[in-house]
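Engineer: This is the structure, below, for whatever I ask next.
The values are calculated or read from the model by the stated rules, or taken from the named source; none is laboratory data. Quick caveat: nothing in here was measured; it's all calculated off a predicted structure. All Cβ positions, even for glycine, are placed from backbone atoms using ideal geometry, and neighbour counts span all protein chains on display. Just the protein is used for accessible areas: all its heavy atoms, side chains included, with ligands, DNA and RNA removed. Shrake-Rupley method; radii C 1.70, N 1.55, O 1.52, S 1.80 Å.
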Amino acid sequence: MSPPDPGQSPPGAARGYGPAAAYCPRCAAALAGPPPTRCVRCAYQLFDNARPAVNVVVLDPGGTRFLAIRRARPPRAGHWETPGGFCDGAEHPRAAAARECREELGVEIELGDLVGLYLGEYEFQDETLTVLECFYLATVPGGQLRLDPAEATELAWFALDDPPPLAFATMDAAVRDVAAGARAAWDPAGSSGR
């Protein structure tokens, strides 16, 4: 068995941050319980806030198909997903959405409406993080899609009303919501077939 990487905590190790926080990140005193909590020694208040992230449902010109990329890295490598990622620092979600598409797809997108906010989970460094994901609609006004091989191994266009299982439940929910909105928008009588 090889020794643990000095940059990584062993699985289950006590932490001073995140949902598994066991000690105060300011004074290192043991915490009375998981966040939200207050350190009994220095009164530091510790919260487990959701990390802001963005995802983009890129639609084809007809608005009936969306672009998915196959994840190249964990978690959930090999699964289809919508382009996206975490917001950097104080980066606005709209700016993060455009940046992530430039990085992952190699093109500028035309960002559209906010689809919605979705609460999800992301496994990272041996813990499950709560994420608050902003999903946006977008189109690709021009240019050749060029995947970053560190991010994705392939791309495909899927029908909104028949998507494959996606890497994260938030993506499945957002694509369902986009499909429902598209059906409603394309039904001028408002009957939705009912």
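Engineer: Treating the angle as unsigned and between 0 and 90°, give the value, to the nearest 10°, between the Cα long axis of helix 169-185 and the longest Cα principal axis of the chain.
Structural biologist: 30 degrees
Engineer: Here's something else I'd like to know. With labels modelled as points extended 7 Å from the Cα through the Cβ direction, what inter-label distance (nm, one decimal) is found for residue 41 paired with residue 15?
Structural biologist: Taking the simple label geometry, residue 41 and residue 15 are separated by 2.0 nm.
Engineer: Which residues' amide hydrogens lie under 5 Å from the amide hydrogen of residue 128, considering only partners 5 or more residues apart or on another chain, with H built in the peptide plane?
Structural biologist: It is none; the list stays empty.
Engineer: Treating the beta-carbon of each Lys and Arg as +1 and of each Asp and Glu as -1, no other charges, what is the dipole magnitude of the chain about its Cα centre, to the nearest 20 debye? Write out the running numbers ahead of the final one.
Structural biologist: Details: 17 positive and 25 negative charges, 116 e Å.
Dipole of the chain, to the nearest 20 debye: 560 debye.
Engineer: Go through the cysteines of the chain and tell me which have no other cysteine Cβ under 4.7 Å away.
Structural biologist: That list is 87, 101, 134.
Engineer: So, one more: Order of 90-101, 53-64 by packing, highest average Cβ count within 10 Å first?
Structural biologist: Details: 90-101: 17.5, 53-64: 19.5.
So the peptides 90-101, 53-64, ranked by packing, come out 53-64, 90-101.
Engineer: Would you work out what percent of the accessible area of the chain, with all protein chains in place, is carbon or sulfur (probe 1.4 Å)? Intermediate results must be reported in sequence, preceding the final value.
Structural biologist: Values: 5860 of 10790 Å².
After summing per-atom areas, the C and S share lands at 54 percent.
Engineer: Kindly identify the chain as rounded, prolate or oblate by the Cα gyration tensor criterion: order the square roots of the eigenvalues as a ≥ b ≥ c, call it rounded if a/c is under 1.5, otherwise compare a/b with b/c, prolate if a/b is larger, else oblate. Mind dumping the intermediate values first?
Structural biologist: On the way: a/c = 2.47, a/b = 1.85, b/c = 1.34.
Verdict is prolate for the chain.
Engineer: Continuing with this model, one more query. Along the charge dipole of segment 100-146, pointing to its positive end and built from +1/-1 on Cβ of Lys, Arg, Asp and Glu, which listed residue (105, 131, 141) has its Cα farthest out?
Structural biologist: So the residue we want is 141.
Engineer: Extension gain residue 51-residue 150, at 0.36 nm per residue separation less the Cα-Cα distance, in nm? Please list the in-between numbers first.
Structural biologist: On the way: separation 99, 0.36 × 99 = 35.64 nm, distance 2.23 nm.
Extra length available between residue 51 and residue 150 comes to 33.4 nm.
Engineer: If r is the Cβ-Cβ distance from residue 128 to residue 159 and R0 is 35 Å, what FRET efficiency results, to the nearest 0.05?
Structural biologist: According to the calculation, E is roughly 0.65.
Engineer: So for the chain: antiparallel DSSP bridges make up what percent, rounded to the nearest 5?
Structural biologist: Working: 27 of 37 bridges.
Restricted to the chain, the bridges split so that about 75 percent are antiparallel.
Engineer: Further question: Accessible area per residue for segment 12-147 in Å², computed with a 1.4 Å probe and the full protein assembly in place, what is it?
Structural biologist: Numbers: 6870 Å² over 136 residues.
Result: 51 Å² per residue.
Engineer: How far, in nm, would the chain grow between residue 107 and residue 119 when pulled straight, counting 0.36 nm per residue and subtracting the alpha carbon separation?
Structural biologist: Values: separation 12, 0.36 × 12 = 4.32 nm, distance 2.76 nm.
My answer for the length gained is 1.6 nm.
Engineer: Mean residue ellipticity at 222 nm from the helices of the chain, using -39,500 (n - 2.57) per DSSP H segment of n ≥ 4 over the full residue count, to the nearest 500 deg cm²/dmol? Don't skip to the end; give the middle numbers.
Structural biologist: On the way: 2 runs with 30 residues, N = 194.
The per-residue figure over the chain is -5000 deg cm²/dmol.
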